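> One structure, pasted below without further comment.
The values are calculated or read from the model by the stated rules, or taken from the named source; none is laboratory data. Since the structure is predicted, the reported quantities are computational estimates derived from the model, not experimental observations. Note that each Cβ is placed from the backbone with ideal geometry, even for glycine, and that neighbours are counted across all protein chains shown. Note: accessible area is taken over every heavy atom of the protein model, side chains too, but ligands, DNA and RNA are not part of it. Shrake-Rupley method; radii C 1.70, N 1.55, O 1.52, S 1.80 Å.
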Amino acid sequence: MLNFFSSNEILLQTIAVFSLLAFSVQISLRAGAFSLAGVGCWAIGGYSLAISDRHDMHPVIGVLIGIVVSAIISYLLALLLVRLRGLYLGMATIAFNQMVGIALIHGGDFTGGELGIYGIGARISTFQLFAVLALVSFLLWALERGMLGRAYNIVRDDEPLAASLGIDSESMRRFAFVLSGAVGGLAGALNAMMLGIVSPTDADFPVIVIALTMVIVGGYHSWLGALIGAALIQWLPIGLQSFGIEGMSEWWSVVYGLLILFIAVYMPRGLLGGLQRLGSLMARRHQDFREA
Amino acid sequence: MHQVIERDANREMIDMQSEPLLNVTDLTVNYDGVVALDHVSLTAPAGQLYGLIGPNGSGKSTFLAAISRHGKVTEGRLEFAGRDYTGEPAFVAARLGISRSFQTVRLQEDLSVLENAMVGADHHRITRPVIFNWLRLVRNRREEAECRETALSALERVGLVDYKDQFPSSLSYGMQRRVEIARCLASDPKLLLLDEPTAGMSPAETDDISELLMGLRDSGLTQILVAHDLSMIHAVTDHVFALNFGKLIAEGNSVDVANDPDVRKAYIGVADEE
Amino acid sequence: MSIPRKILLAGMVAGMLSASALSASAEDIDVAALVEQTGVVGYAGQSVWKGMQLAAEKVNESSRLGDYKLKIEIKDAASNPATTAALATQAAKSDAVAILGPALSSSALASAPIAQREKIPMIAVQSNTEGVVETGEYIYRLTAPFYTYNDLTFKHLADEGVKKVALSFISNIPSVAGLGKDFAPKWAKEYGMEIVASEGTPFNTTDFSTTIEKLVAAKPDAIGLYHIDTQLTGLITGLRRAGFEGKLFVYNINPSTLEAVGDAADGLLMSIDYSPAMSDPSSKEFTDSFRKKFDDDPTIYAANGYDAVLFLSAALEKVIKAGNKPDRENLLAAISEVAQTGFAGASGDTTFDDKYHRDARVNGVLVRFDKGKPNILFSGKDR
Amino acid sequence: MLYEQLIINAAVLGAVFTLFALGLSLTWGALDVLNLAHGATFVTSAWVATSVYSAYELPLASAMLVGILTGGMIGVVADLVAFKPIRLLITNKRQAELSMVAATIGMGFVLDRIIGRATLDQVFSFPARAFPYKDFHIFGARISNIEIIILVLTFLCAVLLNLWISRSRQGMAIRAIAYSAKIPPLLGIHVDRMSAATMAIGGMLAGLSGTLMTVWVSGMAVSTGHSFLLKGFAIVVLGGVGSIRGCVLAAFILAFAETGIVAFGAGNLRDLAAFSLIVLILLFRPQGLFGTRSAMRA
């Protein structure tokens, strides 16, 4: 077992870090704000850690700077984009991400230009990473249940109804936007420590596609869905190639694509939804069994 | 607690001087040229069940939208319990105590009947910023229990307690409306706005809803009911306002208003011979 | 499922498992190849892997490794630093004696520290960036950086009397931007030439009509196009159609791109570490065997993959000839010895840098294309 | 530099952007399908065209036609394999939209890898002799015959698509679908056949722009599809989802902005110009230039 853990340590760390990135997108999607600014904050968080590490600051300070800077930028962005809804908000945040990427390339020595920053000294242990993941998961769990859970459901599905119930949709969506940015910044900072490098392409469109895939395939209606989605999407490129099947190094991404397609079509509420339905099916069968 | 007001011929004698719950002055709404409401002024003291009638396109829904602040107000003043809330957004109006239902049933499909009612009961806690509600776990657990109690009592008042664990999609149209009313009640409103709640209902269901609304009025809840069904208006309302082409053409008890020449003309389209 | 079928299924599964165990005989030397087959540098990685396969076959056919067999297992690094780092960790914990690849700079920077920490020799290809070999003594790179031979082009341009040079380059790929912004202007000044225009554009740009206008308007004698192949087709054909008669030079162009551009590429200049037209015996051997095996002209990436395996095998041969066990420690020692002496590979005589002795250096050749065929003008040897 | 030349360059670039974005806007506007496999369809059609051209010695035009039909066929298969089942299985509109996005991401991976494996992600193209390039000179500026063809075809496609959607019966059906999938069955319109037709047209438009692009820049590769996809997504949103006119206008605005910044500013900031323009326009037009979220307008 120990060998399994040590040889897959980076994979486990990657799953933890990308779960946080998936959380960042899930938080805003769940609140009905189709924002992908979390990916831009992922890059901002990463660079904040890298730059503060270069100035010999303690990693925790680097992470905190990453979170705070991302939160502030997300707050300003939320104010700027308040009138945008749905895919128009999505596109505006994708444009923001691209501009973050361009700014990072042209940041001169401060951001390391086209190459970015490498050789980041700060390190993080797998245990610490999963502790952070557990903490953020708990915070999102608390946000999804009880009163706030119900309120966010309505803010997402039916704004006029929310207003008629005294819910200030705008401020709740803004809170989700800022939280999404902060978690994105945290994820980026941890990713920088795990990989030891940051580069301008961290905010690029392929990262957005991966983040969206993780959340939709996992089940965007809950943090657990984002976690499951991240685990699967990050494991597949490694896992599919580790069964020693001939030619998998060339064709794994076809299997990957087909799997995403299958889950998207035949699991309406993602993997989490599928598991829940399976759970309730089994519970019912167990019940029938007991009654029979 | 609430003075039970006998429902009889002399209801009109109620003292109108007490502070009106709702005071609307010169309310005008026009959508780039189209005048939907034209200087409507009216006052509605607390404790009564008001009817709002008028042919299609007379501005009933616009009026409801305006006083619940869901809709635009071009001119005029809106006061609720003495406070001017003309420029406020809809959620502030709701927080003042104005609760409303919509023409279409709006329930949360993935929440049970009880949870849908609990959303109303969240009313007073939702006013706190999100971050306060998020991190106070111990307090949340206690308040969640209170919220459940409030919701249960609201469901009791509408007679749906034993459906509390069902999902809205499995209920009849009439019952879904009752869940909506329970949700409104759970938020302990001062004024309840009902936008054609019985549209498309069977006579039996309409009578149930009528009974329910009268019961609520008797327990002191002020309501404004928008409806086409004049027989229901007669049965249920204490005071009626009639709109036509955005103007308030008559008000009074439902019988007088029904006989008012302008109202008959508005409905039938031709003035009957004198 | 009835009982018999269950047993049959279990039997089959057991059979499959045992079969794969048998094939890994005791005499194998396992090597992990983390080479991008997909993603943004998939175009390079897929050729690198073909070169590696060719070299492994030739090494195993010859008895240079005694009765050991070189067994290279390919994993797609997917042009993704996180995937590469995860694969590198797996390889380090497996019984592989060395890691070959990756090719993407950011992936190399992410996986080199892991190989160094886990003390497994790593031979990267391409990854034209600083910071790779500097990671530590376990990290080697088998592609000579562009700036070590691209000055040959400017030497040739000076000989041809070129005075004014315009440059177009990718602004957001580190090594290529370095060529366009820093080295090319430096060499131009050294050879008494003037840079009259310098246009940087992102690597995903596909429309160059306006950039071409600016380049031609500067009336240069020669234009440098430091771009990837998908951009070169538009640039080269566009410049010729815009009436530019002067010299064009690139840092690399692949056979398929040459074919797409046709005679617009006539006279195209390129300094490169390997070309099929090279006559060095080791280069010729690579070119001929590649053509025989793949019925296609080799790309520079295939040459890099071939050389990486050749370099590794030379070190393994030293270890085995000395009667030692081919493990990571002995292999590292042998690798640094081979790096001192250098070896002859697809890119001709390959030596290593003076500072770290872990970064490959080649002579490089200046090539001119006529009718789609490369011919060597001169080699870096006689610089 | 000749301003006339810059205007021509921008016009041709605008046309290339339009052709690619039209298909994306149609399927998105009518079926709420944000097709992230549109770039892969664009590349696959071009690859099929070039392979068929050299394998069967077909004339260029018919090879391109095969490519265009391939694009259409990919659209139909996508509809059968993913969008039709999603429409059946998923009632919640938001969940259906997101599931369709994920489905197209999956399809994009599959197509990218198949073409990537066949071409080793290298450049592929029609042989140089396949198309007789010829330049014309007007106002002292240069425009080649392929560029004129691109401009004409783009104009035709935009006008025809516009007419087809606003006038014809099928077009009305598509607008009905766009309004809400519940209405068409009531009017006896076969939703599945309509959506397959829409996806086919969207795919053919991707095929047309892919084959034309291969001739215009004498080459194509899987990576070209990715760079076009992001720009196409921006153009569709900028123009207002589902609006043909908005799509054309947004494509030309972006083309002129990029051409301008490359000509007068710095080429490496061309994307900055494009994306800051997008945010600016969305701030003033939250539904895009001509977009209305609910119904699709010609």
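> Across the range C:37-70, which residue is least open to solvent (accessible area, probe 1.4 Å) among those that are more than 10 Å from chain A (Cβ to nearest Cβ) and part of a loop (DSSP other than H, G, I, E, B)?
C:Leu65
> Run A:Arg174 past the list (1) on the phi < 0 side of the Ramachandran plot; (2) more than 7 Å from every other protein chain (Cβ to nearest Cβ); (3) under 16 Å from the mean Cα position of the chain (by Cα) and report the number of the one that doesn't hold.
(3)
> Also, quick follow-up: For residues in the range A:58-96 being within 14 Å of another protein chain (Cβ to nearest Cβ) and touching a Cys at 6+ places or on another chain (Cβ under 9 Å), which is least open to solvent (accessible area, probe 1.4 Å)?
Among those that are within 14 Å of another protein chain (Cβ to nearest Cβ) and touching a Cys at 6+ places or on another chain (Cβ under 9 Å), it is A:Ala71.
> From the list A:Ala176, A:Ala134, A:Ala122, which one is in a helix (DSSP H, G or I), more than 19 Å from A:Arg30 (Cα to Cα) and not β-branched (Val, Ile, Thr)?
Of the residues listed, the single one that is in a helix (DSSP H, G or I), more than 19 Å from A:Arg30 (Cα to Cα) and not β-branched (Val, Ile, Thr) is A:Ala134.
> State which residue pairs qualify: first residue touching a residue at least 40 places away in the same chain (Cβ under 8 Å) and inside the range A:67-83, second residue charged (D, E, K, R) and in a helix (DSSP H, G or I) in any location, beta carbons under 6 Å apart, and separation of 6 or more residues or different chains.
Here the result reads A:Ala78/A:Arg174, each pair linking the range A:67-83 to a residue that is charged (D, E, K, R) and in a helix (DSSP H, G or I).
> Would you be able to say whether some residue in the range D:51-65 is in contact with a Pro (Cβ under 9 Å, 6 or more places away or on another chain) and open to solvent by less than 10 Å² (accessible area, probe 1.4 Å)?
no
> Give me the pairs: first residue in the range B:104-126 and under 16 Å from B:Ala186 (Cα atoms) and more than 7 Å from chain A (Cβ to nearest Cβ), second residue of a type in the set (S, T, N, Q) and surrounded by fewer than 16 Cβ atoms within 10 Å (Cβ to Cβ), beta-carbon distance under 6 Å, and six or more apart or on different chains, which are they?
B:Val113/B:Gln166
> Let me ask something else. Check the range D:28-35 and report whether any residue there is of a type outside the set (Ser, Thr, Tyr) and open to solvent by 30 Å² or more (accessible area, probe 1.4 Å).
No, the range D:28-35 has no match at all.
> Using beta carbons and a limit of 8 Å, which pairs, at least six apart or on different chains, have the first residue in the range D:196-207 and closer than 13 Å to D:Val77 by Cβ and the second one open to solvent by less than 20 Å² (accessible area, probe 1.4 Å) and outside any helix (DSSP H, G or I)?
D:Met199/D:Val33; D:Gly202/D:Asn35
> Related question: For the range C:183-223, which positions are of a type in the set (Lys, Arg) and closer than 19 Å to D:Gln5 by Cβ?
If the condition is that a residue be of a type in the set (Lys, Arg) and closer than 19 Å to D:Gln5 by Cβ, then C:Lys214, C:Lys219 are the ones that fit.
> Further question: Run down D:Phe233, D:Phe264, D:Phe290, D:Phe275 and say which single residue is more than 10 Å from chain C (Cβ to nearest Cβ), among the hydrophobic types (A, V, I, L, M, F, W, C) and open to solvent by 40 Å² or more (accessible area, probe 1.4 Å).
Residue meeting the stated conditions: D:Phe290.
> Something else: Look at the range C:71-91 and say how many of its residues are at the interface with another protein chain (Cβ under 7 Å from one of its Cβ atoms), crowded, with 24+ Cβ neighbours inside 10 Å and of a type in the set (Val, Ile, Thr).
Matching residues across the range C:71-91 total 2.
> Cβ-Cβ distance below 7 Å, separation of 6 or more or different chains: which pairs start in the range D:93-112 with a residue that is more than 7 Å from chain A (Cβ to nearest Cβ) and over 17 Å from A:Ile233 (Cα atoms) and end on one that is assigned to a helix (DSSP H, G or I) and aliphatic (A, V, I, L, M)?
Partner pairs satisfying both residue conditions: D:Ala96/D:Ile86; D:Met100/D:Ala82; D:Met100/D:Ile86; D:Leu111/D:Ala40; D:Asp112/D:Ala40; D:Asp112/D:Val222.
> Of the residues A:Gly247, A:Gly196, only one is at pLDDT below 90 and more than 7 Å from chain D (Cβ to nearest Cβ); which?
Of the residues listed, the single one that is at pLDDT below 90 and more than 7 Å from chain D (Cβ to nearest Cβ) is A:Gly247.
> Can you name the residue in the range C:222-234 that is assigned to a helix (DSSP H, G or I) and out of contact with any helix residue (DSSP H, G or I) (no Cβ under 7 Å at 6 or more places or on another chain) and is also nearest to D:Thr214 (Cα to Cα) among such residues?
C:Gly234
> Of all residues in the range D:187-213, how many are among the aliphatic types (A, V, I, L, M), open to solvent by 30 Å² or more (accessible area, probe 1.4 Å) and at pLDDT 65 or above?
3
> Further question on the same structure: Filter the range B:95-147 down to the residues that are surrounded by fewer than 16 Cβ atoms within 10 Å (Cβ to Cβ) and part of a helix (DSSP H, G or I) and list them by number.
Answer for the range B:95-147, where residues must be surrounded by fewer than 16 Cβ atoms within 10 Å (Cβ to Cβ) and part of a helix (DSSP H, G or I): B:His124, B:Ile131, B:Phe132, B:Leu135, B:Leu137, B:Val138, B:Arg139, B:Arg141, B:Arg142, B:Ala145, B:Glu146.
> For the range A:100-107, state whether one or more residues are open to solvent by less than 20 Å² (accessible area, probe 1.4 Å) and under 28 Å from B:Asn133 (Cα atoms).
Looking for residues that are open to solvent by less than 20 Å² (accessible area, probe 1.4 Å) and under 28 Å from B:Asn133 (Cα atoms), one finds none in the range A:100-107, hence no.
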